[in-house]
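Notes follow the structure.
The values are calculated or read from the model by the stated rules, or taken from the named source; none is laboratory data. Treat the numbers as computed from the prediction; the structure is a model and nothing was measured. A quick note on method: Cβ atoms are made from the backbone with ideal geometry, for glycine too, and the neighbour counts reach across all protein chains shown. To get the accessible areas, we keep the full protein, side chains included, count just its heavy atoms, and leave off ligands, DNA and RNA. Shrake-Rupley method; radii C 1.70, N 1.55, O 1.52, S 1.80 Å.
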Amino acid sequence: MPHHLRTLAGVGAEVELDIAAPITMRGVLDALEAQYPTLRGTIREYGTGQRRPFLRFFVCEEDWSHESVDAELPRAVAEGREPLLIIGAIAGG
């Protein structure tokens with residue numbers, strides 16, 4: 001997660017979550033917001049649940065920012081062998 005969100009949640013560089021299958025982006029974000037309520041509304045918009053501008057999601061070195069939040073994440077992520085990265089986007093080239 002970007003530094004400012006880690007600071008807000010009071011966590012380190014990595015967060016481990018326990019999520020029931022199927023493992024989806026929605027499930028991960030729901031669990032993250034449930035475990036760290038201060039993050040509600042910082043990653044997704046309150047009303048729409050849409051990803052906030054200037055945040056990107058990377059899964060297995062691929063940009064998943066525009067994938068459906070209900071798409072199952074790869075097994076490597078679900079098993080904890082690969083991280084799901086929430087990265088602050090950089091504008092301006």
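GNM on the chain, C-alpha springs below 10 Å: top fluctuator among Leu32, Leu73, Leu17?
For the chain, modelled as a Gaussian network with Cα springs under 10 Å, the answer is Leu17.
Which of (i) 15.1; (ii) 13.2; (iii) 13.6 is the computed Kirkwood radius over Cα pairs in Å for the structure on display?
Comparing each candidate, only (iii) matches the computed number.
Calculate what fraction, in whole %, of the accessible area of the chain sits on carbon and sulfur atoms when a 1.4 Å probe is rolled over the protein chains.
Carbon with sulfur: 50 percent of the solvent-accessible area.
Considering only DSSP states other than H, G, I, E and B, which GluC sites (Glu not before Pro) in region 48-93 qualify as loop sites with at most 13 other Cβ atoms within 10 Å?
Answer by residue number: Glu61, Glu79.
Kindly provide the trypsin sites (Lys or Arg not before Pro) of region 17-89 that DSSP labels as loop, not H, G, I, E or B, and whose Cβ sees at most 13 other Cβ atoms within 10 Å.
Qualifying residues, ordered by number: Arg40, Arg81.
Looking at region 3-93, which chymotrypsin sites (Phe, Trp or Tyr not before Pro) are DSSP coil and have at most 14 other C-beta atoms within 10 Å of their C-beta?
Sparse-neighbourhood loop chymotrypsin sites (Phe, Trp or Tyr not before Pro): Tyr46, Phe54.
How much accessible area per residue does the chain have, in Å², with a 1.4 Å probe?
65 Å²
Picking from Ala76, Ala34, Ala21, which is most flexible by a Gaussian network model of the chain using Cα springs under 10 Å?
With Cα springs under 10 Å in the chain, the top fluctuation among Ala76, Ala34, Ala21 is at Ala21.
Rounding to the nearest 20 debye, state how big the charge dipole of the chain is about its Cα centre with +1 on each Lys and Arg Cβ and -1 on each Asp and Glu Cβ.
380 debye
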